[in-house]
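Visitor: Next up is a structure, given as structure tokens.
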Amino acid sequence: MSANLEQSFVQQLQANQNIIHKICRLYTSGEDEHKDLFQEITIQLWKAFPKFRGESKFSTWAYRVALNTAITLYRKSTRMVSTTEYDTTKHFFKEEDYNYEEEEQIKLMYKAVHQLNDIEKALVFMYLEDKDYEEISETLGISEVNARVKMNRIKGKLKKILNP
Amino acid sequence: MEGLDLLKKDWKKNENSFEQVSEKQIYKMIHKSSSSIVKWIFIISLLEFVVWTLLSFCMKDTEVMQKFNSYHVEHIMLPFTIIWYVGLAYFLFQFFMNHRKISTTDNSKILILNIIRTRKTVHQYVWFNIIYVILSSIVVMFIQLNYDQDILNMISEFDKKGNVAIIYAIYIALTIVFLSIFVGFIWLFYKLIYGILLKRLYKNYEELKKIDF
């Protein structure tokens with residue numbers, strides 16, 4: 001593959017890398033795993049890049065490949081024993097808007113989302129990313145109506161996890 | 001505000017809080033090799049094709065096969081050989097075609113289905129081989145009972161004593177036991193491989209199917 005293609009890919013990925021980080025945040029539970037999944041997604045994006053024609057935005061295209069990698073292609077390395085389990089909220093709070101009760105709730109929410117299965121996490125991810133149901137249904141290959149129904153069920157499930 | 005909306009607020013607020021990966025690091029990453037499930041499935045499947053094919057070729061030079069050739073039953077064995085080669089060509093072709101269809105830009109359901117299809121082809125190839133072994137064992141048994149001089153002598157001796165049925169029963173029983181052990185072993189082996197490779201894929205596929213019904 002040409003050097004130009006490589007350069008173009010690296011620049012665009014660098015600019016859009018938060019998409020991948022966010023997916024890693026939902027699908028992994030440690031810094032090592034985060035890095036591992038980030039790398040696999042990068043490789044899969046690079047492999048698919050020659051077919052990316054620029055008809056859609058790089059970010060839209062990257063969402064799908066990255067999510068697919070997390071749901072289907074990624075195999076957690078068995079070698080990797082996560083010693084540094086990270087606290088998903090640890091660096092999120094600035095002192096001026098520190099709200100203990102809210103922080104606790106958000107922590108619990110992250111924990112609850114981590115207990116969902118791969119597909120449910122994908123739906124939650126796209127919900128958090130403000131994707132409309134049309135895009136959610138196209139990305140996962142399910143109908144729009146059923147995506148809505150499932151999303152409501154997930155909300156219910158999360159409530160149950162939080163208030164057993 | 002509660003639940004997911006509270007999470008969304010936090011999510012938005014902190015979407016730029018990640019430690020950034022540099023262009024140099026990305027360059028490094030894209031030159032590393034993937035450890036994806038598709039790659040593993042591809043490697044393991046190719047290995048299976050090679051092992052099963054090699055097994056068949058190795059069989060050709062064994063003493064049993066040489067003895068077998070001395071019966072001059074090519075007219076019976078030729079169709080079997082042709083079927084075996086056609087089968088190998090068909091399954092290899094299917095496997096590569098299915099593998100090419102795997103694309104991370106498809107929707108998740110189609111992607112998972114295409115990966116599972118690739119595995120199914122290999123699974124079918126294995127069954128093709130198992131059925132082939134069973135059928136050819138039956139044919140070999142039939143040929144030996146009719147052409148092998150040692151066995152024919154044994155049969156006529158038992159025949160003189162009036163208990164020829166015993167020799168047939170023993171022969172058939174031995175073949176069945178051997179085939180059962182063989183099939184059982186292969187079945188167990190594949191349960192294990194399938195379990196390791198496809199468990200998560202099947203689980204996610206079932207989940208997607210469940211959503212739509």
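Visitor: Is it possible to state the helix-based mean residue ellipticity at 222 nm for chain B, with each DSSP H run of 4+ residues giving -39500 (n - 2.57), the sum divided by total residues, to the nearest 500 deg cm²/dmol? What is it?
Guide: -29000 deg cm²/dmol
Visitor: Pop a pseudo-label 7 angstrom from the Cα along the beta-carbon direction at both B:Ile151 and A:Gln7 and give the gap in nm to one decimal.
Guide: That separation, rounded to one decimal, is 7.3 nm.
Visitor: Tilt of helix B:164-211 relative to the longest C-alpha principal axis of chain B, in degrees (0 to 90, nearest 10)?
Guide: Helix B:164-211 sits roughly 10 degrees off the main axis of chain B.
Visitor: Principal axis extents for the range A:90-164, Cα atoms only, whole Å, descending order, please.
Guide: So the three principal-axis extents are 42, 27, 16 Å.
Visitor: For the protein assembly as shown, report the convex hull volume of the alpha-carbon atoms normalised per residue, in Å³, without decimals.
Guide: 203 Å³
Visitor: Ranked by Cβ crowding within 10 angstrom, fewest neighbours first, how are A:His114, B:His99, B:His72 ordered?
Guide: B:His72, A:His114, B:His99
Visitor: For helix B:4-13, what angle does its Cα long axis make with the longest principal axis of chain B, in degrees from 0 to 90 and rounded to 10?
Guide: Helix B:4-13 sits at roughly 70 degrees to that axis.
Visitor: Okay, which of the range A:110-141 sit inside 18 Å, backbone N to the point 7 Å along the Cα-Cβ direction of B:Lys210?
Guide: Under cut-off, by backbone N: A:113-125, A:140-141.
Visitor: How far, in nm, would the chain grow between B:Ile172 and B:Lys24 when pulled straight, counting 0.36 nm per residue and subtracting the alpha carbon separation?
Guide: Working it through step by step, the gained length comes to 46.5 nm.
Visitor: In straight Cα distance, which aspartates and glutamates are under 19 Å from B:Lys109, not counting same-chain residues fewer than 8 positions off?
Guide: In chain and number order, the partners are A:Asp118, A:Glu120, A:Asp132, A:Glu134, A:Glu135, A:Glu138, A:Glu144, B:Glu206, B:Glu207, B:Asp212.
Visitor: How big is the charge dipole of chain A about its Cα centre, in debye rounded to the nearest 20, if each Lys and Arg gets +1 on its Cβ and each Asp and Glu gets -1 on its Cβ? Each step should come with its number before you reach the end.
Guide: Values: 24 positive and 25 negative charges, 143 e Å.
Once rounded to the nearest 20, the dipole reads 680 debye.
Visitor: Summarise the partner chain shielding of B:194-201 as one whole number: the mean count of Cβ atoms from other chains within 10 Å of each residue's Cβ. If you can, show how the numbers build up before the last one.
Guide: On the way: counts 0, 0, 1, 1, 0, 0, 7, 4.
For peptide B:194-201, the averaged partner shielding equals 2.
Visitor: Starting with the fewest neighbours, write out B:Cys58, A:Cys24 ranked by other beta-carbon atoms found within 10 Å of each beta-carbon.
Guide: By the 10 Å Cβ count, ascending, the order reads B:Cys58, A:Cys24.
Visitor: With a Förster radius of 51 Å, plug the Cβ-Cβ distance of B:Leu78 and B:Lys101 into 1/(1 + (r/R0)^6) and report the FRET value to the nearest 0.05.
Guide: Details: r = 35 Å, r/R0 = 0.69.
Working from the Cβ atoms, E equals 0.90.
Visitor: Okay, next question. Using the alpha-carbon atoms, what tilt in degrees (0 to 90, nearest 10) does helix B:149-161 show relative to the longest principal axis of chain B?
Guide: On a 0 to 90 degree scale, this one is about 60.
Visitor: Please compute the modelled spin-label separation between A:Asn99 and B:Lys12, points set 7 Å along Cα→Cβ, answer in nm with one decimal.
Guide: Between B:Lys12 and A:Asn99, the simple spin-label model gives 1.4 nm.
Visitor: To continue, here is another question. Efficiency by 1/(1 + (r/R0)^6): what FRET value for B:Leu188 and A:Asn18, r their Cβ-Cβ distance, R0 = 51 Å, to the nearest 0.05?
Guide: About 0.65, to the nearest 0.05.
Visitor: Extending each Cα 7 Å along its Cβ direction at A:Asp132 and B:Val50, get the distance between those two points in nm, one decimal.
Guide: Taking the two extended label points, one gets 5.1 nm.
Visitor: Suppose every Lys and Arg Cβ carries +1 and every Asp and Glu Cβ carries -1, with no other charges. What dipole size does the protein assembly as shown come out with about its Cα centre, to the nearest 20 debye? Don't skip to the answer; put the middle values down first.
Guide: Working: 48 positive and 43 negative charges, 83 e Å.
For this selection, approximately 400 debye.
Visitor: Give me the compactness ratio for the range B:36-211, meaning the Cα radius of gyration over 2.2 N^0.38 Å.
Guide: 1.37
No value in this document is a laboratory result; all are computed from the given coordinates. Everything numeric here is computed off the predicted structure, so don't read it as measured data. Methodologically, a virtual Cβ is constructed for each residue, glycine included, from the backbone with ideal geometry; neighbour enumeration extends over all protein chains shown.
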